[in-house]
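The values are calculated or read from the model by the stated rules, or taken from the named source; none is laboratory data. Fair warning: this is a prediction, and the values are worked out from it, not measured in the lab. Please note: Cβ atoms are built from the backbone with ideal geometry, for glycine as well, and neighbour counts cover all protein chains shown.
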Amino acid sequence: MVKANKKKTVGKNKRAHKEPAPFVYLDHAATTPVDANVLKAMLPYFDKYYANPSSLHAPGQIAGAAVNNARDDIAKILNAHADEIVFVSGGTASDNLAVVGTVNASTIEIKKLFGADAIPHVITSAIEHPAVLEPLIKLERSGKIELTQLKPDRNGVIGVKDIMEVINERTILISIMYANNEVGTVQPITEIGKMIIKYRKSNNTTYPYFHTDACQAAGFYDLCVEKLHVDLMTLNGGKIYGPKGIGLLFVRRGIKIEPMIYGGGQERRLRSGTENVPGIVGLAKALEIVQKTREKESERLTKLRDKLIQGLLAIEKSRLNGDAEKRLPNNVNISFMDIEGEAAMLYLDAKGIYCSTGSACASRALDPSHVILALGLSYEAAHGSLRFTLGKSTTVKDINYVIKVLPDVVKRLRAISPVSLDMKQF
């Protein structure tokens, strides 16, 4: 039997190769993917070592040991004591505990020292995360504190001298974030901390305490609390390739704060509730990884960041928001006049580019960014801002793609815009 010859089909029957759709994720300030090594460390505590870490039986002791080991590991990274690490449900919970807990703990003492009508004084900046600003504003409106919100300079930097000028004898807390989540400006935390210590020594007082929200800075800068001279520091797993729903508050020994959640007395009675063992293990592992790689990764991302900034500023009527030098290695925030940032973000989304118009925590609100406005820029500049935040997966190819796509997006939106403003409107 003779076998028929099979002809090879070329071209017609061969499926055309289709390029995969772009996926350029540039919203790492909102959240990061979980690192594979972090996930691996967490998995056993979901289904194998799942017991309550407060239980006295053997399985509970295994879970409790995991929490204690994570606390020890984090304390070493921060150059702190293990009993100064308080695990909470995230950055917002940590910020709230820091500011509200400090106010509640100091109120009686302030009244004893200065009279029944005296209230604590708190200093913060006008560009803080809402997790700091909103509870402080609520305390101010209810008459429980006097609040001073310092305005930054045009680039988003808070002046050390400006803080010194508004401290008074009732100032119990100063809260300044390490690096801004929207415009990326890095604050002079060490210098502020030194100034506060000098003030306390000169006035023979334990106040003011110094709190910093370091969620955005944790992947790029030294977190040694002794070098920073901070008394309270906030960190969040979801910003450093760790799990969401877990964070911590560093509370220096001797600092008085009151809890906001009562119950079983976990976490030094400062945050009752069964500990999130997988989350705590993941947070410790994530912090270990980003701190080990931060210098090399910062160098890599800074080059990509600057390339993106240069490419986008080539678009007419654009402006970089935040300090060009004192800036997170992964942050690019640019305003484009005569367009709506939300519209541009949706156009980019359709092209496989994922960014934001400001703080992800407030992205559902269409109000202009309070950070951009605090820089002294116009509502138009705030509404036309886009934030690109780079991460471990970001490549040169990604940056080139954004530089290629965005000019046309801006052009199309300006073509249908009802306004055409002068650059002086910035």
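Scanning the range 197-217 for residues that are surrounded by 22 or more Cβ atoms within 10 Å (Cβ to Cβ) and of a type outside the set (Phe, Trp, Tyr) yields PRO208, HIS211, THR212, ASP213, ALA214, CYS215, GLN216, ALA217.
Scanning the range 38-60 for residues that are surrounded by 14 or more Cβ atoms within 10 Å (Cβ to Cβ), without any contact (Cβ under 8 Å) to a residue 60 or more places away in the chain and in a helix (DSSP H, G or I) yields a count of 3.
Of the residues ALA126, ALA105, ALA118, ALA131, the single one that is under 19 Å from TYR207 (Cβ atoms), touching a residue at least 60 places away in the same chain (Cβ under 8 Å) and among the small types (Gly, Ala, Ser) is ALA105.
How many residues are touching a residue at least 24 places away in the same chain (Cβ under 8 Å), in a loop (DSSP other than H, G, I, E, B) and over 19 Å from GLY91 (Cα atoms) when one looks only at the range 156-191? Of the residues in the range 156-191, 8 are touching a residue at least 24 places away in the same chain (Cβ under 8 Å), in a loop (DSSP other than H, G, I, E, B) and over 19 Å from GLY91 (Cα atoms).
Taking the conditions exactly as written (touching a strand residue (DSSP E or B) at 6+ places or on another chain (Cβ under 7 Å) and part of a helix (DSSP H, G or I)), does ARG294 satisfy them or not? The answer is no for ARG294.
Okay, residues lined up against (1) farther than 30 Å from VAL86 by Cα; (2) among the polar types (S, T, N, Q):
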position: GLY273; (1), (2): no, no
position: GLY279; (1), (2): no, no
position: GLU288; (1), (2): no, no
position: LYS296; (1), (2): no, no
position: LEU301; (1), (2): yes, no
position: GLU316; (1), (2): yes, no
position: ASP323; (1), (2): yes, no
position: ARG327; (1), (2): no, no
position: ASN333; (1), (2): yes, yes
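Do we have TYR379 as over 21 Å from VAL183 (Cβ atoms) and not β-branched (Val, Ile, Thr) here? Judged against the criteria, TYR379 is not a match.
Okay, residues lined up against (1) β-branched (Val, Ile, Thr); (2) on the phi > 0 side of the Ramachandran plot; (3) assigned to a helix (DSSP H, G or I):
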site: PRO259; (1), (2), (3): no, no, no
site: SER272; (1), (2), (3): no, no, no
site: LYS285; (1), (2), (3): no, no, yes
site: ILE289; (1), (2), (3): yes, no, yes
site: ARG300; (1), (2), (3): no, no, yes
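Which members of the range 322-352 meet the condition of being of a type in the set (D, E, K, R) and outside any strand (DSSP E or B)? Scanning the range 322-352 gives ASP323, GLU325, LYS326, ASP338, GLU340, GLU342, ASP349, LYS351.
Within the range 267-289, the set of residues being aliphatic (A, V, I, L, M) and either surrounded by fewer than 21 Cβ atoms within 10 Å (Cβ to Cβ) or touching a strand residue (DSSP E or B) at 6+ places or on another chain (Cβ under 9 Å) (or both) comprises LEU270, ILE280, LEU283, LEU287, ILE289. Residues in the range 188-201 that are over 26 Å from the mean Cα position of the chain (by Cα) and over 19 Å from ILE110 (Cα atoms): LYS198 only. The condition (being farther than 20 Å from ALA98 by Cα, outside any strand (DSSP E or B), of a type outside the set (Lys, Arg) and in contact (Cβ under 8 Å) with a residue 40 or more places away in the chain) is satisfied by just one residue among GLY279, GLY238: GLY279. Listed by first and then second residue, the pairs linking a residue in the range 313-330 that is farther than 17 Å from LEU375 by Cβ to a residue that is of a type in the set (S, T, N, Q) and modelled with pLDDT of 95 or more, with Cβ atoms under 6 Å apart and 6 or more places separating them unless they lie on different chains, are PRO329/SER298; PRO329/THR302; ASN330/THR389. Filtered by the rule that a residue be within 9 Å of the chain's Cα centre (by Cα) and in a loop (DSSP other than H, G, I, E, B), the range 210-235 gives ALA214, CYS215, GLN216, ALA217, ALA218.
Specify the residue that is nearest to the chain's Cα centre (by Cα); the eligible residues are those in the range 95-130 that are surrounded by fewer than 22 Cβ atoms within 10 Å (Cβ to Cβ) and small (Gly, Ala, Ser). Step by step, filter the range 95-130, then rank; the result is ALA126.
Checking the stated criteria, ALA131 turns out to be touching a strand residue (DSSP E or B) at 6+ places or on another chain (Cβ under 9 Å) and either of a type outside the set (Asp, Glu) or part of a helix (DSSP H, G or I) (or both). Just to be sure, is GLY254 farther than 21 Å from GLY101 by Cα and outside any helix (DSSP H, G or I)? When the stated conditions are applied, GLY254 does not pass them. Can LYS194 be described as part of a helix (DSSP H, G or I) and either touching a residue at least 60 places away in the same chain (Cβ under 8 Å) or crowded, with 24+ Cβ neighbours inside 10 Å (or both)? Judged against the criteria, LYS194 is not a match. GLU226 satisfies every condition listed in (1) at pLDDT 95 or above; (2) touching a helix residue (DSSP H, G or I) at 6+ places or on another chain (Cβ under 8 Å) except (2). Which of the residues that make up the range 146-191 are under 24 Å from SER356 (Cα atoms), surrounded by fewer than 24 Cβ atoms within 10 Å (Cβ to Cβ) and β-branched (Val, Ile, Thr)? Scanning the range 146-191 gives VAL157, VAL186. Scanning the range 71-91 turns up no residue that is within 15 Å of SER175 (Cα to Cα), buried (at least 23 other Cβ atoms within 10 Å of the Cβ) and among the aliphatic types (A, V, I, L, M).
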